[in-house]
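Here is the structure we will look at.
All of the numbers you see were taken from the coordinates with simple rules; none came from a lab. Everything numeric here is computed off the predicted structure, so don't read it as measured data. All Cβ positions, even for glycine, are placed from backbone atoms using ideal geometry, and neighbour counts span all protein chains on display.
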Amino acid sequence: MLKERPYYSPGTASAAFYDLVAAADPVVADDVDLYAGLLQPGGSVLELGAGTGRISAALARRNFHVVGLELEAEMLARAQRPPGVSLSYVLGDMRAFDLGLTFDAVICPYNALAHLPPTEWPAVFRCVASHLTIGGIAAFHMPIEDQMAAPGPPVGSLVFQAKEPPLQIYMAGKQFEGGRMDLILDYATPTDVRRERLTYFSGNPDAAANSAGLTRNIEPTLLGKAGLLYAYSKR
């Protein structure tokens, strides 16, 4: 029986193949352009859940000043570090960090906040508010509950395939109960199969944002094919 591991944890295929899978995911289509549009030219931005730097590096290449915060050391070890840009990474937890800096924007892309249960969101927003300039923008990409609750493909279905490097991902199960979705996937390479569990929590982050003194400034915006962008400002 395959040993099941949490997504993105040390030694997982989801960490090793993150860039390959994310590049093909319509959930995040055009998200870099959207986050760049929140900033004035040359502005500063903090990315929460920076992963391997897909967005942080892209924004830095556009001449923004970027810091990426990531919980998993293995992801940061793989992070993009293009030369000649203003980009740094910090190993840390979005629920409890203090960088001693403020930013024009704080972004939390690709459902990163949804990895945490809603009871932990207020702690995230308190940290966000303390790192925002007055008038700064905080943007969070969140999954859509109806899509989380929808039945997944049949168990054993091939849901992703790449030739180089060779990778196949198969559906091993999906559950949704009480606002929590668990997606179990098998990552298959020519030499190994790893079973991993991706967990998301649904919810509206408005209350957590408001408790930290942030105000929603636009209606949630559809991002890609599956997700809403919530944006808040600090007055």
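Put simply, when 23-36, 51-64 are sorted by average Cβ atoms within 10 angstrom per residue, most first, you get 51-64, 23-36.
Please find, in a Gaussian network model of the chain (springs between Cα atoms separated by less than 10 Å), the residue of Pro166, Pro205, Pro41 whose mean-square fluctuation is greatest. Looking only at Pro166, Pro205, Pro41, the biggest GNM fluctuation is shown by Pro166.
Counted over the chain, the DSSP beta bridges are approximately 60% antiparallel.
Within the straight-line cut-off of under 28 Å between alpha carbons, the lysines reachable from Lys163 are Lys3, Lys174, Lys225, sequence neighbours fewer than 8 places apart in one chain being disregarded. Here the simple spin-label model places points 7 Å from the Cα toward Cβ, and for Thr215 and Met1 these points are separated by 5.4 nm. The modelled label-to-label distance for the pair Val155/Arg78, using points 7 Å beyond Cα in the direction of Cβ, is 2.7 nm.
Please work out whether the stretch 64-194 counts as rounded, prolate or oblate from its C-alpha gyration tensor, where a ≥ b ≥ c are the square roots of the eigenvalues and a/c under 1.5 means rounded, while otherwise a/b larger than b/c means prolate and anything else oblate? Taking the square roots of the gyration eigenvalues as a ≥ b ≥ c, the stretch 64-194 is oblate. Taking Cα atoms only, the orientation of helix 121-130 departs from the longest principal axis of the chain by about 40 degrees. Phi-derived couplings, Karplus 6.51 cos²θ - 1.76 cosθ + 1.60 at θ = phi - 60°, listed residue by residue for the stretch 181-187: 10, 10, 10, 10, 10, 9, 8 Hz, with x used for Gly and Pro. A simple rule links phi to the HN-Hα coupling: the Karplus curve 6.51 cos²θ - 1.76 cosθ + 1.60 with θ = phi - 60°, which for the stretch 29-41 gives 4, 6, 5, 4, 4, 5, 5, 4, x, 7, 10, 7, x Hz, with x for Gly and Pro.
Can you compute the charge dipole magnitude of the chain about its Cα centre, using +1 on each Lys and Arg Cβ and -1 on each Asp and Glu Cβ, nothing else charged? Give it in debye, rounded to the nearest 20.
Values: 19 positive and 24 negative charges, 47 e Å.
Using Cβ point charges on Lys, Arg, Asp and Glu, the chain gives about 220 debye.
Pair-distance distribution of the stretch 147-199: all C-alpha pairs, bin width 5 Å, starting at 0; shares per bin in whole percent are 5, 21, 26, 23, 13, 8, 4, 1.
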